[in-house]
1. Looking only at region 119-140, decide whether some residue is in contact with a Pro (Cβ under 9 Å, 6 or more places away or on another chain) and either under 30 Å from ARG244 (Cα atoms) or hydroxyl-bearing (Ser, Thr, Tyr) (or both).
2. Checking ILE76 against (1) in contact with a strand residue (DSSP E or B) (Cβ under 6 Å, 6 or more places away or on another chain); (2) more than 27 Å from THR273 (Cα to Cα), which single condition isn't satisfied?
3. Of everything in region 14-50, what is among the hydroxyl-bearing types (Ser, Thr, Tyr) and either closer than 30 Å to CYS223 by Cβ or in contact with a Cys (Cβ under 7 Å, 6 or more places away or on another chain) (or both)? Give them in sequence order.
4. Being among the hydroxyl-bearing types (Ser, Thr, Tyr) and closer than 30 Å to ASN199 by Cα is the filter here, so list the residues in region 233-291 that pass it.
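Bear in mind that the values in this text are calculations on the coordinates, not laboratory data. Computed from a prediction, not measured in an experiment: that's the story for all the values here. Cβ placement follows ideal geometry from the backbone for every residue including glycine, while neighbour counts extend to all protein chains displayed.
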Amino acid sequence: MATFSGIIPPSVTLFNDDMSIDWDGTLRHLDWLIAAGVHGLFIMGTTGEFTQLSATERKEYAQKVVEHVKGRVPVIIGTGGVNTRETIDLTRHAKGVGADAAAVVTPFYQTLGDEQLLAHFGAVANAVDLPILIYNIPVFTGTAVSTPILAQLVEENDNIVGVKDSVDSAALVRRRVQIVKRIRPDFSVLTGSSDHVLNTLMLGGDGAVIGEANFAPGPGVGCVEAFRKGDYEGARRGFLDLMRVANVTQVPGTFQAAIKETMRALGQTEKTTVRLPGTSLSKESRAQVRRNLEAIGMLHAASPHAPESVPVDDLDARPTDATMAVGKDADH
């Protein structure tokens, strides 16, 4: 089994009304995810609004999380940025505070070719003795890490141990598995899309980093655990539940705000603030989130207050029951 596998939520960063980080709420949320059976934590990814945090906040965040988690699950710290020097500095810091790995996103703003990608990721890998996952999200960065370039990076750098692909392509997963895992069988192939969780596992990949796991980790965890046991019908049911959950956040507005609003509707937090340039959901989008939850049985239609909703622990924290109570058949 790859070192980093299963359902690894890209955790949200909760903010107070004054835009400061709500440390207590954020760390409590991580405790809840761990209790729900997730297989790791991805801190300061896109869902965690890392682009809205200063370098000082990112370092404080990394230290607080590693100290709080205390080895209960692997902690992957997002250390990528727009330039190589800052990325190396943040990755060295992650190593220093005891992170299990760093996730390095493709530098954005500039258009980069293969030569620049090899130079950037190679420099980070050579500078820090820490496992590194390549975070490939071309829809936001404008640059994709091709499989040949990924394979070259793996061949040249022993500590590049995985990839998180936020790309809507089963063919890409297949190529990652066929080519890169041939070089290193324990290389972690992770999808960033809920739509591809089951086919990633079936193609020989290792798991997923999906935003919906912030408020409903159960279906994804159930899918993975069933698959690992050879219970493929249970894995299918868990995946269908995951697809229903994924539809909840399909509303107009920033997806980080949609995830936080879903958490609020389920009574998991009262903090739905996102930092600019992100904005909170409109009144109509907030109402749509509640309607979506009601439609799959996660929220009582007659319940006017989040605390009166269906207990989320009962719905989503049972990794051995792939069907859950989500209903019949819901990433990022």
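1. no
2. Among (1) in contact with a strand residue (DSSP E or B) (Cβ under 6 Å, 6 or more places away or on another chain); (2) more than 27 Å from THR273 (Cα to Cα), the lone unmet condition for ILE76 is (2).
3. Here is the first cut: in region 14-50, the ones among the hydroxyl-bearing types (Ser, Thr, Tyr) are 20, 26, 46-47.
Residues satisfying the conditions are THR26, THR46, THR47.
4. Our first condition is that a residue be among the hydroxyl-bearing types (Ser, Thr, Tyr); within region 233-291, this holds for 249, 254, 262, 269, 272-273, 279-280, 282, 285.
Matches in region 233-291: THR249, THR254, THR262.
Conditions tested, residue by residue: (1) closer than 28 Å to THR254 by Cβ; (2) surrounded by fewer than 19 Cβ atoms within 10 Å (Cβ to Cβ).
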residue: PHE140; (1), (2): yes, yes
residue: ILE160; (1), (2): no, no
residue: ILE183; (1), (2): no, yes
residue: PHE187; (1), (2): no, no
residue: GLY192; (1), (2): yes, no
residue: VAL197; (1), (2): yes, no
residue: MET202; (1), (2): no, yes
